[in-house]
1. Since LEU51 meets every condition but one in (1) closer than 22 Å to ASP120 by Cβ; (2) touching a His at 6+ places or on another chain (Cβ under 8 Å); (3) hydrophobic (A, V, I, L, M, F, W, C), which condition does it not meet?
2. Which of the residues that make up the stretch 12-64 are closer than 26 Å to GLN118 by Cβ and either loosely packed, with under 13 Cβ neighbours inside 10 Å or touching a Ser or Thr at 6+ places or on another chain (Cβ under 9 Å) (or both)?
3. Can you name the condition, by its number, that VAL8 falls short on among (1) surrounded by 15 or more Cβ atoms within 10 Å (Cβ to Cβ); (2) modelled with pLDDT under 95?
4. Give the residue that is farthest from ASP78 (Cα to Cα), with candidates limited to residues of the stretch 133-185 that are surrounded by 14 or more Cβ atoms within 10 Å (Cβ to Cβ) and among the aromatic types (Phe, Trp, Tyr).
5. In this structure, is PHE153 of a type in the set (Phe, Trp, Tyr) and in contact with a Ser or Thr (Cβ under 9 Å, 6 or more places away or on another chain)?
6. Filter the helices (runs of 4 or more DSSP H) completely within the stretch 123-185 down to those with at least 1 residues that are under 17 Å from SER66 (Cα atoms) and touching a residue at least 60 places away in the same chain (Cβ under 8 Å).
Amino acid sequence: MKNSIVVVVALEDELHPNNISSHIPVIYSGIGKVNASIATFKAIKEYNPHLIINFGTVGKITPNLSGLIQIGSVIQRDMIAEPLAPRGSVPFSNKPNKFVSISNGLICGTGDSFVTQQDDWLIQNGVDVVDMELFAIASVAHEHKIDWVSYKFISDDANEFSYQEWSKQVHQGQKLFVEKLQAHL
């Protein structure tokens, strides 16, 4: 089946399917880079989209951020294979360490951990927000030469209270995202 766009979201709590038009496929990946890679690959094979739209929640590193934001690029925050390669880089790989969206926006750092304390590397590398799926989604899209955009809702402050904040905020960005999604239709 061919569909011009596909929406990839980690959890139904972030975007309930009733909030999206039935003609737009919404793929729920589950949490983490492996799950996001598998789900994105399956979505491409099933729908052959020309655009992948990611939506989800993020913790903020840049203090003054709030609400719904747009991501311009994504790096991998938890690839730490030093001294074989600098943090964020996969050793012995010629694949990009950074993926850039077709739209301008902030920098997201993806990793398979929930950020609960300050990480100076994130600040030094200009990371604005952190998530657990986008790098994988962008990587698979890049491999298949498919454009991607990402909208993220700031759910927490990426600190020791993140889980409590995220639990209360996880569903709050749906309406704002659906409004942005209309611009892509």
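The values are calculated or read from the model by the stated rules, or taken from the named source; none is laboratory data. What you see is a predicted model, and the numbers here were worked out from it, not measured in a lab. Using ideal geometry, Cβ is built from the backbone for each residue, glycine included, and neighbour counts are taken over all protein chains shown.
1. Status for LEU51: all satisfied but (1).
2. Across the stretch 12-64, the qualifying residues are GLU14, LYS33, ALA36, ASN54, GLY56, THR57, VAL58, GLY59, LYS60, PRO63, ASN64.
3. (2)
4. PHE177
5. Spelling it out, PHE153 is indeed of a type in the set (Phe, Trp, Tyr) and in contact with a Ser or Thr (Cβ under 9 Å, 6 or more places away or on another chain).
6. Counting at least 1 such residues, we get 162-169, 174-182.
Every residue, every condition in (1) over 30 Å from ASN3 (Cβ atoms); (2) at pLDDT 95 or above, yes or no:
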position: ILE61; (1), (2): yes, yes
position: LEU65; (1), (2): yes, yes
position: SER89; (1), (2): yes, no
position: ILE107; (1), (2): no, yes
position: GLN117; (1), (2): yes, no
position: GLN124; (1), (2): yes, yes
position: ASP131; (1), (2): no, yes
